[in-house]
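As structure tokens, the structure follows; a few thoughts come after it.
Derivation of every value follows stated rules applied to the coordinates shown; laboratory data play no part. The shown structure was predicted, so the numbers you read here are calculated from the model rather than taken from an experiment. In this analysis, Cβ positions are derived from the backbone assuming ideal geometry, glycine residues included, and neighbour counts consider all displayed protein chains.
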Amino acid sequence: MQKKETISSGQMAVLFFSFMLGSSIVNIPQPLVQAAHNGAWLSILIANGFGMLLLACILYLYRKNPNLTLIDYSRRILGKWITLCISIPIVLLLFLILSYIIIDIGGFFTTTMMRETPSYVFYALILLVAALTVQAGIEVMARMFVLLLCYSICFSIAVLLLVSSHYQVENLLPIFPEGLKPAIHGAYMTLGFPYGELVLFSFLLPFIRNEKNSSLQKYMFSILLIHGLLLIISILCTIMVLGSLAGTFKFSLFQLARLINIREILTRVESFIGIALVVGSYMKATIMLFILKEVLSRVLHLKDERILIFPVTLISLLLTLTMFHTEIEFMEAVFVVEPLALAIVGVLPLLFITIVTFFRGKKIETNNST
Amino acid sequence: MFEKILFLIIVYLSILFYDVPKLKQKNRRERISYGMLMLPIIYLSLVYVMDLSWPTLDELVHFFFSKPAQQIVTAIKSTM
């Protein structure tokens with residue numbers, strides 16, 4: 001039997017930031033501006049508020065019993081069979097989201113940097129590295145992601161600063177050219193990726209070491225706020241530079257980085273933001289794969305869950321290769337279908353279990369202790 | 001097709017070489033779980049190699065959620 005791995009609440013906060021930021025800082029601005037125009041920042045504010053609500057629910061359940069995941073709570077409250085009905089869609093959704101992340105990064109490579117290379121090469125390599133990282137364990141992930149996260153954030157901020165000579169503040173006006181409708185639409189889009197996915201992160205919380213947990217809530221809420229702020233800043237900067245074209249160019253930060261040219265010395269820095277996107281997607285894919293492994297092992301009651309890592313990775317690889325034929329299909333799946341699917345499969349059970357635990361909290365705690 | 005088959009053979013062999021020695025030491029439940037995961041792998045491999053238009057996970061999600069999701073987006077765009 002393997003020793004249970006644990007990490008500190010600070011390390012868990014780093015994983016949470018990696019999970020939330022992932023590729024969203026590069027990927028979110030374009031589709032969001034396309035849908036919500038200049039009011040895209042309001043969409044992020046609304047979705048961030050929704051994220052806060054979900055995080056409050058997750059942390060409430062964690063406070064009640066730090067050793068239980070959503071599936072364990074469900075097993076205690078709803079019974080074995082209903083839990084199975086909840087767990088299977090969650091597993092399928094995890095497979096789907098993991099494949100979306102990989103498709104996105106493969107698409108980035110084949111459209112911008114390495115157009116001649118077949119996409120399966122990128123899919124296979126990223127999934128292989130993610131699987132090996134998951135095999136190494138959550139402690140290794142937590143330590144390694146600190147550096148990668150710093151790289152990702154620093155280069156994103158550096159690009160936003162270096163491109164500041166192109167900013168035209170008047171591009172931000174009018175704020176709501178078509179009223180509030182587009183902003184609400186934008187909020188719906190981000191309720192799936194990245195904010196709805198927050199529910200899935202709750203499966204990692206039992207890995208936190210037993211310590212004074214008062215700082216965990218502070219860390220997690222601060223990170224969600226900072227994440228929202230970073231997204232809003234990148235959206236505003238994209239609009240200020242690209243104006244009405246901000247909704248047209250994919251991978252907005254990458255396009256901004258292409259514009260940087262300081263006295264012919266500092267040029268072609270887009271490769272750095274490309275690496276930031278790859279790193280972000282890799283971190284998110286790794287965390288998602290880890291969660292998938294955890295959920296599967298809990299559903300199947302396995303002692304050694306690591307044996308599942310490679311088959312699960314292979315399923316994800318084959319899904320990425322077979323799911324979509326066009327870019328439009330992929331975008332529709334991520335920004336139209338995924339928010340609803342996540343709401344029904346992940347968010348509704350979480351809210352229901354939170355409400356039931358709120359009223360029967362003591363009983364559940366007692367059950368666990370016996 | 002040859003490229004796809006070659007790619008899959010490399011991936012399959014690497015995974016099996018790594019996992020089979022470990023599987024021998026595992027209990028029955030773990031072996032059955034591993035075997036169960038092989039079923040979707042074989043199905044998806046067939047879809048990939050032979051370019052079949054058989055349903056995948058995406059079609060399942062689309063079947064349940066696509067229409068209501070489209071209706072929600074249309075409603076948001078038109079009613080407010």
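Table for the structure above
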| item | result |
| --- | --- |
| Mean ellipticity per residue at 222 nm, deg cm²/dmol - from DSSP H runs of n ≥ 4 across chain A, formula -39500 (n - 2.57) | -23000 deg cm²/dmol |
| Between the range A:165-198 and the range A:300-314, the Cα center-to-center distance that results, in Å | 40 |
| Gyration tensor verdict on the range A:152-225 (Cα atoms; rounded if a/c is under 1.5, prolate if a/b is larger than b/c, oblate otherwise) | oblate |
| Mean residue ellipticity (222 nm) of chain B, computed from DSSP H runs ≥ 4 via -39,500 (n - 2.57), nearest 500 | -30000 deg cm²/dmol |
| Dipole-positive endmost among A:M189, A:F155, A:I88 within the range A:87-213 (Cβ charges, Cα centre) | A:I88 |
| Test item: B:65-72 mean partner chain Cβ contacts at 10 Å | 6 |
| Average other protein chain Cβ within 10 Å of Cβ, residues A:297-308 | 4 |
| Cα-based helix-to-principal-axis angle, A:40-64 vs chain A, degrees rounded to 10 | 20 |
| Violating pairs (Cα-Cα greater than 27 angstrom) within the set A:K293/B:K67; A:K4/B:K24; A:K250/A:K284; A:K80/B:K24; A:K181/B:K67; A:K4/A:K284 | A:K293/B:K67; A:K80/B:K24 |
| For chain A, built as a Gaussian network whose Cα springs stay under 10 Å, the top-fluctuating residue of A:L84, A:L231, A:L93 | A:L84 |
| Unit charges at the beta carbon, dipole of the protein assembly as shown: most positive-side option, A:L289, B:I42, A:N38 | A:L289 |
| Whole-angstrom gap from the range A:240-276 to the range A:83-147, using each part's C-alpha centre | 25 |
| Exposure proxy order (Cβ contacts within 10 Å, fewest to most) of A:R143, A:R268, A:R263 | A:R263, A:R268, A:R143 |
| Average partner coverage of A:182-189, which counts Cβ from other chains inside 10 Å | 3 |
| Distant-in-sequence amide H partners of A:I7 (H built 1.01 Å from N, under 5 Å) | A:I208, A:R209 |
| Least to most buried among A:I25, A:I307 (fewest other Cβ within 10 Å first) | A:I307, A:I25 |
| Gyration tensor over alpha-carbon atoms, the range A:1-154, equivalent ellipsoid semi-axes in Å | 29, 23, 18 |
| Footprinting exposure proxy for A:S202, A:S9 (fewest neighbouring C-beta atoms within 10 Å first) | A:S9, A:S202 |
